[in-house]
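*Asks:* My questions all concern the structure below.
The values are calculated or read from the model by the stated rules, or taken from the named source; none is laboratory data. Just so it is clear, the model here is predicted, and its values are computed rather than measured. For neighbour counting, all protein chains shown are included, and Cβ atoms are generated from backbone atoms with ideal geometry for every residue, glycine included.
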Amino acid sequence: MAYRQEGIKPYETEDSKRAQMEQMFDNIAPAYDRMNHTLALGIDRWWRRSAIDALKPYAPQEILDIATGTGDFAILAAQRLKPRHITGADISTEMMEMAKRKVNQQELDKVISFKAEDCMQLSFEDGTFDAVTVAYGARNFESLDRGLQEIHRVLKPGGHLLLLELASPKSAPMKQLFWIYSHFVIPALGMLFSRDVRAYRYLTNSVQAFPQGEVMEEVIRKAGFGRVTWKRYTFGICTMYLGEK
């Protein structure tokens, strides 16, 4: 099944969504961290901590962090979960270069390593990981179904998918306030910080098109996961999904 966000791309070219995602994240890598924390008013740090803590009861030792970006989620997972090893995977080499520098500064290079990977066709063997995390990256998948199926494949039986994604609030007045913020403030800040306003227009459009709540729960179940639960944060601006293989 095709989902609406799969057809949304940042640039008006004939390139595939995957190619455009790689280009976009390479372009905005230098401003990415500062921009993200500014856009979320710092609340995203709490969202990340809360989501990672949902994995604590399962004590995962081998973790794959897909769409690892500049490594914030992988670093926080290493600090809070104390796993044996985390593999950060991304298609953007520029983002991962920044992630490597941060990991070295935190002296976590023995715990976290990075690998260029396309989540549509992961190179790992079946049943490799205890947990797979995806923070704010699922809406960028070229095929959501295929990406989730690949995650399911590389998880061990009993392993967990942890997915954190932005969402559009459904209730007034937050719905109206978020619409104004996402359509006017985010593109303006994107131009100020990164000079690539198209990247932040893409952010707004892809968030609005991404499946949410009960719909996303069914998408995850369709990929083979059971015991799927989800939790909304901050009036529905962000949602955490947890599924078990």
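*Asks:* Against the definition (surrounded by 18 or more Cβ atoms within 10 Å (Cβ to Cβ), over 24 Å from Met240 (Cβ atoms) and in contact (Cβ under 8 Å) with a residue 24 or more places away in the chain), how does Met24 come out, yes or no? Step through it out loud before you land on a result.
*Replies:* Working: surrounded by 18 or more Cβ atoms within 10 Å (Cβ to Cβ): yes; over 24 Å from Met240 (Cβ atoms): yes; in contact (Cβ under 8 Å) with a residue 24 or more places away in the chain: yes.
Here the answer is yes, as Met24 does meet what is asked.
*Asks:* Specify the residue that is farthest from Glu150 (Cα to Cα); the eligible residues are those in the stretch 31-69 that are at pLDDT 95 or above and among the polar types (S, T, N, Q).
*Replies:* The extreme case among them is Ser50.
*Asks:* When the stretch 13-30 is examined, which residues are found to be of a type in the set (Asp, Glu) and closer than 13 Å to Thr93 by Cβ?
*Replies:* Within the stretch 13-30, Glu22, Asp26 meet the criteria.
*Asks:* Answer yes if at least one residue in the stretch 144-155 is assigned to a strand (DSSP E or B) and charged (D, E, K, R), and no otherwise.
*Replies:* Scanning the stretch 144-155, I find no residue that is assigned to a strand (DSSP E or B) and charged (D, E, K, R), so the answer is no.
*Asks:* Looking at the structure I just gave you, is Ala19 of a type in the set (Gly, Ala, Ser), at pLDDT below 95 and farther than 25 Å from Gly243 by Cβ?
*Replies:* Taking the combined requirement at face value, the residue satisfies it.
*Asks:* Another question about this same structure. Which one of Ala51, Ala131 is of a type in the set (A, V, I, L, M, F, W, C), within 15 Å of Leu162 (Cα to Cα), assigned to a helix (DSSP H, G or I) and touching a residue at least 40 places away in the same chain (Cβ under 8 Å)? Spell out the reasoning first.
*Replies:* Details: Ala131 fails: assigned to a helix (DSSP H, G or I).
Testing whether each residue is of a type in the set (A, V, I, L, M, F, W, C), within 15 Å of Leu162 (Cα to Cα), assigned to a helix (DSSP H, G or I) and touching a residue at least 40 places away in the same chain (Cβ under 8 Å) leaves just Ala51.
*Asks:* Another question about this same structure. Looking at Leu76, is it assigned to a helix (DSSP H, G or I) and buried (at least 23 other Cβ atoms within 10 Å of the Cβ)?
*Replies:* No, not satisfied.
*Asks:* Further, regarding this structure: Among (1) of a type outside the set (Ser, Thr, Tyr); (2) over 30 Å from Gln23 (Cβ atoms); (3) more than 16 Å from the chain's Cα centre (by Cα); (4) surrounded by 19 or more Cβ atoms within 10 Å (Cβ to Cβ), where does Gly243 come up short?
*Replies:* (3)
*Asks:* Whether any residue in the stretch 170-181 is under 18 Å from the mean Cα position of the chain (by Cα) and not basic (Lys, Arg) is what I want to check. Outline the logic, then answer.
*Replies:* Going residue by residue through the stretch 170-181, those that are under 18 Å from the mean Cα position of the chain (by Cα) are none.
Within the stretch 170-181, none of the residues are under 18 Å from the mean Cα position of the chain (by Cα) and not basic (Lys, Arg).
*Asks:* Out of Ser182, Ser171, I need the residue that is outside any helix (DSSP H, G or I) and farther than 23 Å from Glu150 by Cβ. Which one?
*Replies:* Numbers: Ser182 fails: outside any helix (DSSP H, G or I).
It is Ser171.
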